[in-house]
Amino acid sequence: MKILAIESSCDETAAAVIEDGRQILSNVVVSQIDIFAEYGGVIPEVAARSHLEAILPVIHKALGDAGSDKTEIDAIAVTHTPGLMGSLMIGTLTARMLAILWQKPLYAVHHLKSHIYANWLDAGDDVAMLDSDLPKFPLLALVISGGHTQIIYMPSHNQFEIIGTTKDDAVGECFDKVAKILGLPYPGGPAIADCAKNGNPTRYHLPHPRVDGLDFSFSGLKTAVLRAVQAECGLSITTPSYELKEHLSEQQKADFAASFQQTACEILLEKMEKALEQYPKVKSVVFAGGVSANRQLRSLALNSLKGHQEATDESKDVKTGMFAKSSKNARSGALNAEYDYFKRDDIDIFFPEARFTGDNAAMVGVAAYFEIQSGVKPTDPYRLSIAPRTKISEK
Ligand code: KG4
Ligand code: ZN
């Protein structure tokens, strides 16, 4: 079965052809990052226009790269929620039109489902990825993107229960805002990660928010960075954030980036640890979304989720501590994906390969495939609507 998948929820125009669920025949992503780096953030109207220019060439290239024409496509999948209205509209209208013209079933996919299912994509390494290498249920997903920070419990395929969410900013948004304070370019996540390489993560103490249960809050952390920068530069708290970068040395910027990154990662992993205590039967943890590309998060996850086994395993002789990175798994051979899979006796931890953490259409195709497997029916191409906000558990 070949699925043509289309993604345009924010500032990436993407199309992919996925075969038999997880195999990537093509994956084309045109990013608007260069345009928005100039503005320091996404401008919805500009994003929509760029999608309009790019969408048909991107689909054409995805079909060409896959060596497929429309006759070989069995279904079309598209992101229809959540995202920017104008951006979503371009992808969905194109998908609806193709579904009608080519008479193919159309599947409307939730963007966060796609991010989660990026963990099922076959990276196409030399070693074949076995079904036994895939995440197992029940599982916990940590979705960390520019718009969302959620812990999701999945008892089985295509079933989602949100058990924790942010009360204010998303963690990716917080990376982007802190980057602005430090005078680093958009998008802030990769810029902070890069700048932090030369910094000391313990140089500045930043508070962990006290939020009940499995929920998160990130707006306080952003303000804490702002106040710490003002204090470090001897400036008043009324100094506007856009003036601060001029007062910071390169070393101070690196130390702030490293200290912030460390704190943000610790906050995420502390909550995952708590979630694992509350859901002791989970077999896998999957990370998803743009922030899951973060190397520091991946290496900290090696250590910090270890408490779970101590908390749930009766036998004291089982080794706790570091996860052993599996040498058998195909994913461990992936080129640019250090720590993308590691295993402990009772639980497997997955990160998508780095190139699938940001927005792409391959993940939309794999999510649609598992929807189809779960018995989801195609949507009416004449009626498919879009929504800026919908919960993953609503559909
Ligand atoms: O999932 P995504 O590509 O788009 C949304 O659905 O929002 O996530 C984008 C977010 C941005 O906030 C970006 O700064 C962040 O992911 N991000 C990172 C890294 N790469 C991207 N955050 C931290 N570390 C990274 N390496
Ligand atoms: Zn996304």
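The values are calculated or read from the model by the stated rules, or taken from the named source; none is laboratory data. Note that the structure is a prediction, hence the values are computed from the model and not measured. Heads up, the Cβs are rebuilt from the backbone with ideal geometry, glycines too, and the neighbour counts pull from every protein chain shown.
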Item to check | Hits in region 149-172 - residues which are out of contact with any strand residue (DSSP E or B) (no Cβ under 6 Å at 6 or more places or on another chain) and crowded, with 23+ Cβ neighbours inside 10 Å | outcome: G172
Checklist entry - With respect to the numbered conditions (1) crowded, with 23+ Cβ neighbours inside 10 Å; (2) without any contact (Cβ under 8 Å) to a residue 40 or more places away in the chain, which one is the sole condition not fulfilled by V143? => result (2)
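From the residues in region 9-31 that are away from ligand 1 (no atom under 12 Å from the Cβ) and in a loop (DSSP other than H, G, I, E, B), which one is surrounded by the fewest Cβ atoms within 10 Å (Cβ to Cβ)?
D20
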Checklist entry - Out of all the residues in region 198-217, is one or more within 16 Å of ligand 1 (Cβ to nearest atom), within 30 Å of V282 (Cα to Cα) and of a type in the set (G, A, S)? => result no
Item to check | Identity of the residue in region 360-377, of a type outside the set (A, V, I, L, M, F, W, C) and buried (at least 18 other Cβ atoms within 10 Å of the Cβ), that ends up nearest to M1 (Cα to Cα) | outcome: Y369
Item to check | Filter result for the condition that a residue is aliphatic (A, V, I, L, M) and within 16 Å of ligand 2 (Cβ to nearest atom), over I144, I151 | outcome: I144
Checklist entry - Which one of the conditions (1) more than 30 Å from Q278 (Cα to Cα); (2) of a type in the set (G, A, S); (3) more than 16 Å from ligand 2 (Cβ to nearest atom) does G188 fail to meet, given that it meets all the rest? => result (3)
Checklist entry - Of (1) modelled with pLDDT under 95; (2) more than 16 Å from ligand 1 (Cβ to nearest atom); (3) at positive phi, G67 satisfies all except one. Which? => result (1)
Checklist entry - Of these, A95, A37, which one is touching a residue at least 40 places away in the same chain (Cβ under 8 Å) and more than 22 Å from the chain's Cα centre (by Cα)? => result A95
Item to check | Hits in region 44-99 (condition: in contact with a helix residue (DSSP H, G or I) (Cβ under 8 Å, 6 or more places away or on another chain) and among the acidic types (D, E)) | outcome: E45, D69
Next on the checklist: Taking the conditions exactly as written (part of a helix (DSSP H, G or I) and surrounded by fewer than 21 Cβ atoms within 10 Å (Cβ to Cβ)), does G41 satisfy them or not?
Outcome noted: no
Checklist outcome for this item: Residue pairs qualifying under the 8 Å Cβ cut-off, at least six apart or on distinct chains, with the first in region 285-304 being in contact (Cβ under 8 Å) with a residue 12 or more places away in the chain and under 18 Å from C174 (Cβ atoms) and the second being more than 11 Å from ligand 2 (Cβ to nearest atom) and hydroxyl-bearing (S, T, Y), are R295/Y339
Next on the checklist: Quick check on this structure: which one of A301, A258 is surrounded by 15 or more Cβ atoms within 10 Å (Cβ to Cβ), in a helix (DSSP H, G or I), modelled with pLDDT under 90 and not basic (K, R)?
Outcome noted: A301
